[in-house]
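Let me give you the structure first, and then I'll get to my questions.
The values are calculated or read from the model by the stated rules, or taken from the named source; none is laboratory data. The structure displayed is predicted, hence computed values, not measured ones. Positions of Cβ are backbone-derived with ideal geometry, glycine not excepted, and every protein chain shown enters the neighbour counts. Ligands, DNA and RNA are stripped out before the accessible areas are found, and what is left, the full protein with its side chains, is counted by its heavy atoms. Shrake-Rupley method; radii C 1.70, N 1.55, O 1.52, S 1.80 Å.
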Amino acid sequence: MRILSLYCGAGGIDEGLRQAGFITTVAVEGDPSEPKFSKDACETFHLNHPEAEIINKPVGEVKSTFGKFDMVVGGPPCPEFSRAKTGRTLNPCEVNHFWEIVESTKAKYWIMENVQDVIKVCNRKNYLVNCADYGVPQTRIRRIFTNL
């Protein structure tokens, strides 16, 4: 199965997939406003998932370069939707990149994770999950979009 991980960070979603028996094929992480974070995240991802090709560029810059994938996963940046951010604009740009890539790669499956208020710009089947119910040592409400 070919799996594309967008906004991969250090690879948390990919680690869950690995534990379920799936290996990420290509991972993308790149934030031009935080180049050190992106570099460190890519290095950490590589240490944990050495079999994946890692692209250190913004998703928007590479979104038209992907072929077919069976699954697309990711957690687009969430500050625009976070209740902790004052003056948030609800700019759906990165979330839209995710869905454009799901469509262009003809992915059969997808998983997108984000904060709960992303629902204001993304009206798709989803689940609201408190990660504390699954062992995370804090109340962390997340919205999970998937067709699995």
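So, taking all protein chains as they sit and a 1.4 Å probe, how much accessible area belongs to residue 106, in Å² rounded to tens?
Using a 1.4 Å probe on the heavy atoms, I get roughly 140 Å².
For the stretch 134-142, what does the Karplus curve 6.51 cos²θ - 1.76 cosθ + 1.60, with θ = phi - 60°, yield as ³J(HN,Hα) per residue in whole Hz, taken in order and with x for Gly and Pro?
Per-residue couplings from phi come out as 10, x, 6, x, 7, 6, 9, 7, 10 Hz.
Under the rule of at least 5 residues apart or a separate chain, name every residue whose amide H is placed under 5 Å from the amide H of residue 54.
When sequence neighbours closer than 5 places are left aside, the close amide H contacts are 27.
In whole Hz, with x marking every Gly and Pro, tabulate ³J(HN,Hα) for the stretch 60-74 from phi via Karplus 6.51 cos²θ - 1.76 cosθ + 1.60, θ = phi - 60°.
x, 7, 10, 4, 8, 9, 8, x, 7, 9, 7, 9, 10, 10, x
So, counting K/R as plus one and D/E as minus one, what does the shell of residues with Cβ under 15 Å around residue 84 add up to? Intermediate results must be reported in sequence, preceding the final value.
Numbers: positive: 83, 85, 88, 140, 142; negative: 80, 117.
Its environment carries a net charge of +3.
Residue by residue through the stretch 82-95, what is 3J(HN,Hα) from phi via Karplus (6.51 cos²θ - 1.76 cosθ + 1.60, θ = phi - 60°)? Round to whole Hz and write x for glycine and proline.
Going residue by residue, I get 6, 5, 7, 8, 7, x, 5, 9, 6, 6, x, 3, 5, 4 Hz, with x marking Gly and Pro.
Near residue 71, within a Cβ-to-Cβ distance under 9 Å, what is the net charge of the other residues, with Lys and Arg +1 and Asp and Glu -1?
Numbers: positive: 2, 108; negative: 70.
Local charge sum for residue 71: +1.
Moving on. With only alpha-carbon pairs counted, each pair once and no self-pairs, how large is the Kirkwood hydrodynamic radius of the stretch 1-80 in angstroms? Kindly include the intermediate steps, with their values, before the conclusion.
On the way: mean 1/r = 0.0799 Å⁻¹.
With all distinct Cα pairs of the stretch 1-80 included, I get 12.5 Å.
Another question, if that's okay. Which of the lysines could be linked to residue 108 by a straight reach, that is with a Cα gap under 22 Å, when you skip same-chain ones fewer than 8 residues away?
Straight-distance partners of residue 108: 63, 68, 125.
For the pair residue 130 and residue 84, what calculated FRET efficiency results from E = 1/(1 + (r/R0)^6), where r is the Cβ-Cβ distance and R0 = 25 Å, to the nearest 0.05? Write out the running numbers ahead of the final one.
On the way: r = 17 Å, r/R0 = 0.67.
After rounding to 0.05, the efficiency reads 0.90.
Using modelled amide H (1.01 Å from N, peptide plane; none on Pro or chain starts), what sits under 5 Å from the amide H of residue 110, excluding residues fewer than 5 places away?
72, 147, 148
So with the 1.4 Å probe, I'd like the accessible area per residue for the chain, rounded to whole Å². Intermediate values should be presented prior to the final figure.
Working: 8140 Å² over 148 residues.
Per-residue accessible area for the chain comes out at 55 Å².
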